[in-house]
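The values are calculated or read from the model by the stated rules, or taken from the named source; none is laboratory data. Bear in mind that the values here come from a model prediction, so they are computed numbers and not experimental data. Cβ sites come from the backbone with ideal geometry, for glycine too, and all protein chains shown count toward neighbours.
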Amino acid sequence: MKRRTALPALRFSTQTLLLQLGVVALVVLLSSAVHAWLTYDRLGREAENQALTLARTVASDPTVRAEVQSISALPAAPPAAELLAGPLMAAAEGARTRTGALFVVITDETGIRLAHPDAERLGEKVSTDPSEALAGKEVTTRNTGTLGPSAGAKVPVFAPESTAVVGEVSVGYSTETISQSLARDIAPIAATAAGALLAGVLASFLLRRRLQRLTLGLEPEEISTLVHDQVAVLQGVDDGVIGIAADGRVSVFNAAAQRLLGVPDLAGTAWGTAPVPAQLKALTRADAAEGDAVELVAGDRVLVASARKALHGREDLGWVVMLRDRTELQQLTRQLDAVGTMSAALRAQRHEFANQLHTIAGFMSIGKPQQAQDYLARLAATGPLTFPVDQAELLQDPYLQAFLGAKGVEADERGVSLRLGPESVVRGRVTEPQDVTTVLGNLIDNAMNAAVAGSASERWVEVEVLDEPGVNGGAGTLHIVVADSGDGLGPGVAAAGSEAVFTEGYTTSERPARAGAGQGLGLALSRQFARRRGGDVRVLDPGSPGGPGAVFVATLPGTTEPTGKDTDV
């Protein structure tokens, strides 16, 4: 048994086109049929009215009335030969010839033909019912008689000067003549129908092309699959996705983008007026380099954004902007920097510790234990390890001591002296080391860069840290002031205002920041972290050319607690 081969399914656009063509053809055919029928009916009514008029004219002729009355008074109708030569035959044929009627028939009160186009029918009873006309009524008819189908009228013949019916006049026009008139009228009807059908076919083809262009040639089931896939992908990824259509409106704004930017769904909003950072809009400018990534701060998050052009063949579909959250990575990077800095400090101190052990071993090998004992006493009093940070003993918190000590080692390697200001006093313990590291580390790093790049002969960075106890033993506030020996923030800041240095991407480096390198984000991040805690970071003094440099002050509420307080629950 042979298996039947399944026919390939028609494309949706083809099905739509065929359906439209079928509907158009059906509408045209129905319209043409109705128009033809109405025309045929109108011509029939006109023929009936014309027949009625002619019948009235013949029936009202005095000669016809008198002759019909005289014949009706006879006991029997005259012979056919006599009727053929009589006045009734002459009147009827004359009227028929003049008007082009199919027939003009005159009968007596019993329906016997007294005049008829066919002489052989004279003296016979009419083939159609004359009762209504013989009852005194005028009627119009459409029937088929001995001469064929016709549209006609029957009118009673009254006796002279009387209302007595003595006969009737029947007039008919051939429906074949009506059909011929309809045939003449049908030509414009057919032309109109053909034009309508052609216009419908053309409109269907244009609609099909537009449908294919709007759907990019996809079938409905493919579009449905794409919609499901789009929802699954866009709502299932952690990266933010923003689609900007070619007309400049936001077409896609997934849940991750709303969460990362902290804004509601912007789908349908004009991209130029959307409440998003300006760096994102700059990625989609006509002169923007495709694929470039920028870092920006949105709320308390650090984001990496990139944009690519969306094309389908030659058609420009707009832009796709991708957002990736680097907040945790930035925090881990800061922690790693702190660990790396402290590791470098420990490596440097390892050499000092080894030298101290060698010194003790030397005293013992030469038999001078007293000098070794005195040396150990001095080490016990000052500690075996020292950081190159002046007045580090002002900070009782071990975390701040270790962190600043490590930064001091790093500064010493770069030829910068890191020192604590005389007003520094920290009696409490730091409870939020991560936020403190981010803010303090960024401020010290910026200050060291400024000191290295400055023109002063002595390069230094001074840090003052002061803790303010909380009310009733609650969490305290850490105040930080960082100054340097650099050349200040430059004349550009004076013109634009000190807030310019907190703009994402701002840097005083002579080399431009590389995309994704993190330059120009330190101060912005520091301010974001401080303000998230209810504090702030601001410029106290922009500095001046030749030094001293800028002075920054940071306030970090809720980051310390009194020493000895148990925070375990």
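Some observations on this one:
- Some residue of the range 123-134 being in contact with a Gly (Cβ under 6 Å, 6 or more places away or on another chain) and in contact (Cβ under 8 Å) with a residue 60 or more places away in the chain: no
- Search result, residues across the range 99-122 that are in a loop (DSSP other than H, G, I, E, B), over 12 Å from L147 (Cβ atoms) and out of contact with any Phe, Trp or Tyr (no Cβ under 8 Å at 6 or more places or on another chain): E109, T110, G111, L122
- Yes/no for L556 being in the same structural domain as R427 (by TED's automatic domain parsing), surrounded by fewer than 16 Cβ atoms within 10 Å (Cβ to Cβ), modelled with pLDDT of 80 or more and part of a strand (DSSP E or B): no
- Scan the range 155-166 for residues that are of a type outside the set (A, V, I, L, M, F, W, C) and modelled with pLDDT of 90 or more and the total you get is 1.
- Elements of type helices (runs of 4 or more DSSP H) in the range 10-93, at least 1 residues being touching a Ser or Thr at 6+ places or on another chain (Cβ under 9 Å) and among the aromatic types (F, W, Y): 12-59
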